[in-house]
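The values are calculated or read from the model by the stated rules, or taken from the named source; none is laboratory data. Everything numeric here is computed off the predicted structure, so don't read it as measured data. Please note: Cβ atoms are built from the backbone with ideal geometry, for glycine as well, and neighbour counts cover all protein chains shown. Please note that ligands, DNA and RNA were not included when accessible areas were found on the heavy atoms of the full protein model with its side chains. Shrake-Rupley method; radii C 1.70, N 1.55, O 1.52, S 1.80 Å.
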Amino acid sequence: MSHETLTTLLWLAPLPPILAFAVIALFTNRYRQTSSTIAVLAMIASLVMSFIVFFSVWQMKDLGKKPIGGQIGWLPTGETVLNIGVVVDPLGATFLFMVPLACTLIFIYSIGYMSADPRYTRFFAYLSLFAGSMMGLVVSDNLLTLFIFWELMGFCSYSLIGFFYQKPSAYKAAVKAFMTTRVGDMLLLLGMVYLYAQTGTLNFHAILHNEEVLKELAATPAVLGLGISAAGLIAILIFGGTVGKSAQWPLHVWLPDAMEGPTPVSAMIHAATMVSAGIFMLLRFFPLLLAAGEHSAAFTIVGLIGAFTAFLGATIAVAQYDIKRVLAFSTISQLGFMVAAVGIGAYVAAAFHLLTHAFFKALLFLASGSVIHGMEHGHHHVSHAHHSGHEGHSAHGHAPHGEHADPTGDDAHAFDPQDMRNMGGLRARMPITFVTFLIGGLALAGFPFITAGFWSKDEIFADAYYHGLVKGDGLATLVFLVLVASALLTAFYTMRQIAMTFLGQPRTEAAAHATESVPSMTFPLIVLAVFALFIGFINIPKDFPIFGALMGDGAFWLKNFIASMLLEKPEPLAFNIVPVLFSIGVALGGLALGWLVYARHPLQAGQTDPVEKLPVFDFLHHRWYWDELYRKIFINPLQAIADNYSRVVDKGVIDRILEGGYALGARVTQGFAEFDRVVITGFSDAVGRFFRSLGDWGRELQTGQVQNYLLSGLIMVIAILAFFLFLFQ
Amino acid sequence: MQNLLNGIPLWWYLVVSAALFCIGLYGVLARKNAIALLMGVELMLNAANINLLAFWRYLTPASSGGLAFAAFVLVIAAAEAAVGLALIISVYRITRSIDPEKLDQMKL
């Protein structure tokens, strides 16, 4: 296919979902069926265009050096014009494969999942805009349009997290997500402005694939005199955007609260759109990080934050009961894996893990949504049986979701369908959900060989091990050890979640009566499960025993493809058995530990969770108290400042000034009134009076008596005569 | 005639004329009778005639302009008297009075 056609397709790819948003919002918002059909068809159109592009470019060897794309002049900036455009390079192509595919499946799933919701069409409108923004971000060839789509996603996530806005927790979570990511966006904006000031362009290719520009950025000292180069400072500022969007410590607090949104939204945020965007941008700017230097502050910061976040998320996930919250902290942890990988220079491994993670995390979220759905059905079934004629079932014959805050559904508040302690034994009731969840969970845990998660995680371990323990880089060593520990915890909490949810006997009536979800929900699960198993095979190291040989030429495809983005190709790592053994060991070890604790003797109803016996349980359950800490050190002082400001500055100073101004104004006005009364009115009245009296006097002359007229004629004649005598004497 | 001209200077005529004009003017302004008022007007016209004739006779006896003006004034005075008397009679028939002070219907 010609480059022009591909460029046109790139321009068009993000449009259908954005148009679908407009059409649903403006025209079809009253028609539920039509709206969701439009949204899904638009997403499929976008998917088809993206796939055409992907399958046209995926075997081009030098795509990284010569990306396909086009530009148009957009914003005149004095003598120059800021160009915007679209581009597909290997990284973008990978995302063009993953994003629309995951989005389409999530859209299809939403039809079933949201069917009972009264704001069904609004949901699809926002979801379309969300997907369209992510598509736009992926094809953007410059930081400016990327930032625009980035912010659009911020808006969509805000609207969707707060979708059940009648619940205070939902709108608070929406505000929290918006405000927290805003901190990162501010840093990103600073980085963007600094980059533009330094280079005069925001085009990725012109900056990141241009050795001169990168060298110059690396040679320029940063503005603040921090002892780092401009490249380093810009990279750190841009990484700030990633920290916000991809929920890295210290801005990780919004992501678990984002669970307040409907489950398909969680899947969108955690897999295809929001958090992927952050990592995507970090990967895009990897050449800038490289330019800043191999052991620069920028790399160190990225690596440390990533590793710490990976560990933080994994520990917290162990002590959560909410099925979605476990997954949320798991996402934070896995994103930490990716960021840490970037921090040690394992660029391809990070991209690979992002790709596989998107599939299995989307799968896990959708499967957990299916579980919640099933639990609600079961609960409704039970309460329906107990008190017949109970209010609160929708036209579809079942209760609205508990998460679809039903203000009248009294029992929805007492019963939490997301709490894993209420589940158990769902394996028999929901077989498809169980199998797909199991696959997703094993992929997350990194179950060896047959799951995608293993290959991508192994890739990160291999890089970290090589740079750390073989080459002796301290940061990489630290990253390796922390990630190994986190992976162990990951396998453990995954097993815990699977066992608590699906194994053993039902612990509540609701769980005992749960039903399998509708096909529009299970179909996406099955598709995603296939990807969660096999997507990892695109990047098996060539010299990996057995599997490398099985893949033949296809092995390591992703690495060769994506690595062509870089100016210098990273040297291929020799196969090393040690990180692989670690990888297998922690995955199986964690799963086995989880098996021993949770699956051998599944929890009985009323039995406490064994992790509660741990001394650090409270600490972990309360998420290391980060939220409380932020409340103490940021929110409370800010609120105090705001209160004081309101009291002192607003009421004390500004109001006083306004009151004084008012009094002064009143004085001045009074003065003007006086002036008006005396001078202006007085004068005009006087003039009036004068002419009136003149008129009165003239009226007196009009006697109608001929002799008077004659007399006045005489006087006039004498006067005129006197005048002429005086004049001509 | 030549004697007369030599004996009496022009200003005597002018004094008589002025006196006659003033008497007429007084009559016009002060009389309470419309007919007397009309007579005052006649006096003033005749004072003008005296002036016209005196100036003609002393300054330009060769031309006949002064005589012609005087003749015109006499004719106009006669016509005016006729119209004035007719008006007065008419007013008298309506108001039973010819006092000019009571005739103020033309007042606005």
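Looking at (1) away from every other protein chain (no Cβ under 14 Å); (2) closer than 26 Å to A:GLN705 by Cα, which is the only condition B:GLU101 fails?
(1)
Being touching a Gly at 6+ places or on another chain (Cβ under 6 Å) and at pLDDT below 90, is that true of even one residue in the range A:13-32?
If we filter the range A:13-32 for residues that are touching a Gly at 6+ places or on another chain (Cβ under 6 Å), which is where we start, we get A:14, A:17-18.
When the remaining residues are screened for being at pLDDT below 90, the result is none.
No: the range A:13-32 contains no residue that is touching a Gly at 6+ places or on another chain (Cβ under 6 Å) and at pLDDT below 90.
As an exercise: evaluate A:LEU550 against (1) free of Cβ contacts under 8 Å to residues at least 12 places away in the same chain; (2) aliphatic (A, V, I, L, M); (3) open to solvent by less than 70 Å² (accessible area, probe 1.4 Å) and give the number of the one condition it does not meet.
Only one criterion is unmet by A:LEU550, namely (3).
Can you pull out the residues in the range A:31-50 that are within 26 Å of A:GLU4 (Cβ to Cβ) and in contact with a helix residue (DSSP H, G or I) (Cβ under 7 Å, 6 or more places away or on another chain)?
A:ALA42, A:MET43, A:ILE44, A:ALA45, A:SER46, A:LEU47, A:MET49, A:SER50
Within the bounds of the range B:86-94, is there any residue that is touching a residue at least 24 places away in the same chain (Cβ under 8 Å) and among the charged types (D, E, K, R)?
no
In the set A:VAL687, A:VAL668, A:VAL717, which member is within 14 Å of chain B (Cβ to nearest Cβ), at pLDDT 90 or above and assigned to a helix (DSSP H, G or I)? Give the steps one after another, and end with the answer.
Values: A:VAL687 fails: within 14 Å of chain B (Cβ to nearest Cβ); A:VAL668 fails: within 14 Å of chain B (Cβ to nearest Cβ).
Criteria check complete, one pass: A:VAL717.
Please find, among B:THR95, B:THR60, the residue that is open to solvent by 40 Å² or more (accessible area, probe 1.4 Å) and within 14 Å of another protein chain (Cβ to nearest Cβ).
Values: B:THR60 fails: within 14 Å of another protein chain (Cβ to nearest Cβ).
The unique qualifying residue is B:THR95.
Can you name the residue in the range A:699-714 that is assigned to a helix (DSSP H, G or I) and facing chain B (nearest Cβ under 10 Å) and is also nearest to the chain's Cα centre (by Cα) among such residues? Give the derivation first.
Of all residues in the range A:699-714, those assigned to a helix (DSSP H, G or I) come to A:699-701, A:706-714.
Within this subset, residues satisfying the condition of being facing chain B (nearest Cβ under 10 Å) are A:699, A:706-711, A:714.
Values: A:ARG699: 90, A:VAL706: 104, A:GLN707: 106, A:ASN708: 102, A:TYR709: 101, A:LEU710: 104, A:LEU711: 104, A:LEU714: 104 Å.
Looking at the filtered set, the residue picked out is A:ARG699.
Test B:VAL73 against the criterion of being on the phi < 0 side of the Ramachandran plot, surrounded by 14 or more Cβ atoms within 10 Å (Cβ to Cβ), part of a helix (DSSP H, G or I) and more than 14 Å from chain A (Cβ to nearest Cβ), and give yes or no. Full working, then the answer.
Values: on the phi < 0 side of the Ramachandran plot: yes; surrounded by 14 or more Cβ atoms within 10 Å (Cβ to Cβ): yes; part of a helix (DSSP H, G or I): yes; more than 14 Å from chain A (Cβ to nearest Cβ): yes.
So B:VAL73 fits the description; yes.
Restrict the check to the range B:83-91 and report whether at least one residue is part of a loop (DSSP other than H, G, I, E, B) and either open to solvent by 50 Å² or more (accessible area, probe 1.4 Å) or within 13 Å of chain A (Cβ to nearest Cβ) (or both).
Taking the range B:83-91 as the starting set, the residues that turn out to be part of a loop (DSSP other than H, G, I, E, B) are none.
No - not one qualifying residue is present in the range B:83-91.
Can A:LEU629 be described as assigned to a helix (DSSP H, G or I) and in contact (Cβ under 8 Å) with a residue 24 or more places away in the chain?
Numbers: assigned to a helix (DSSP H, G or I): yes; in contact (Cβ under 8 Å) with a residue 24 or more places away in the chain: no.
When the stated conditions are applied, A:LEU629 does not pass them.
Yes/no per residue for (1) buried (at least 24 other Cβ atoms within 10 Å of the Cβ); (2) under 25 Å from A:GLU260 (Cα atoms); (3) among the acidic types (Asp, Glu):
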| residue | (1), (2), (3) |
| --- | --- |
| A:LEU426 | yes, yes, no |
| A:MET430 | yes, yes, no |
| A:TRP455 | yes, no, no |
| A:ASP458 | yes, no, yes |
| A:ASP463 | yes, no, yes |
| A:GLY468 | no, no, no |
| A:ASP473 | no, no, yes |
| A:ARG496 | yes, yes, no |
| A:ALA512 | no, no, no |
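Show the residue pairs meeting these rules: Cβ distance below 9 Å; 6+ apart or different chains; first residue within the range A:706-720 and small (Gly, Ala, Ser); second residue not in a helix (DSSP H, G or I).
Listed by first residue and then by second, the contacts come to nothing, as the list is empty.
Going by the conditions given, is B:PHE55 surrounded by fewer than 13 Cβ atoms within 10 Å (Cβ to Cβ), away from chain A (no Cβ under 12 Å) and part of a helix (DSSP H, G or I)? I'd like the intermediate steps shown before the answer.
On the way: surrounded by fewer than 13 Cβ atoms within 10 Å (Cβ to Cβ): no; away from chain A (no Cβ under 12 Å): yes; part of a helix (DSSP H, G or I): yes.
No; evaluated as a whole, the condition is false for this residue.
Go through (1) open to solvent by 40 Å² or more (accessible area, probe 1.4 Å); (2) without any contact (Cβ under 8 Å) to a residue 12 or more places away in the chain one by one and return the number of the condition B:GLY65 breaks.
Unmet condition: (1).
Mind telling me which of the residues A:PHE575, A:PHE531, A:PHE561 ends up being aromatic (Phe, Trp, Tyr), at pLDDT 85 or above and either under 22 Å from A:ALA346 (Cα atoms) or part of a helix (DSSP H, G or I) (or both)?
Testing whether each residue is aromatic (Phe, Trp, Tyr), at pLDDT 85 or above and either under 22 Å from A:ALA346 (Cα atoms) or part of a helix (DSSP H, G or I) (or both) leaves just A:PHE531.
Kindly provide the set of residues from the range A:1-18 that are of a type in the set (Gly, Ala, Ser) and more than 25 Å from the chain's Cα centre (by Cα), ordered by number. First the steps, then the outcome.
Just the residues of the range A:1-18 that are of a type in the set (Gly, Ala, Ser), to begin with: A:2, A:13.
Within the range A:1-18, A:SER2 is the sole residue that qualifies.
If I ask for residues that are surrounded by 14 or more Cβ atoms within 10 Å (Cβ to Cβ) and within 11 Å of chain A (Cβ to nearest Cβ), which ones from the range B:16-31 would you list?
B:LEU25, B:GLY27, B:VAL28, B:LEU29, B:ARG31
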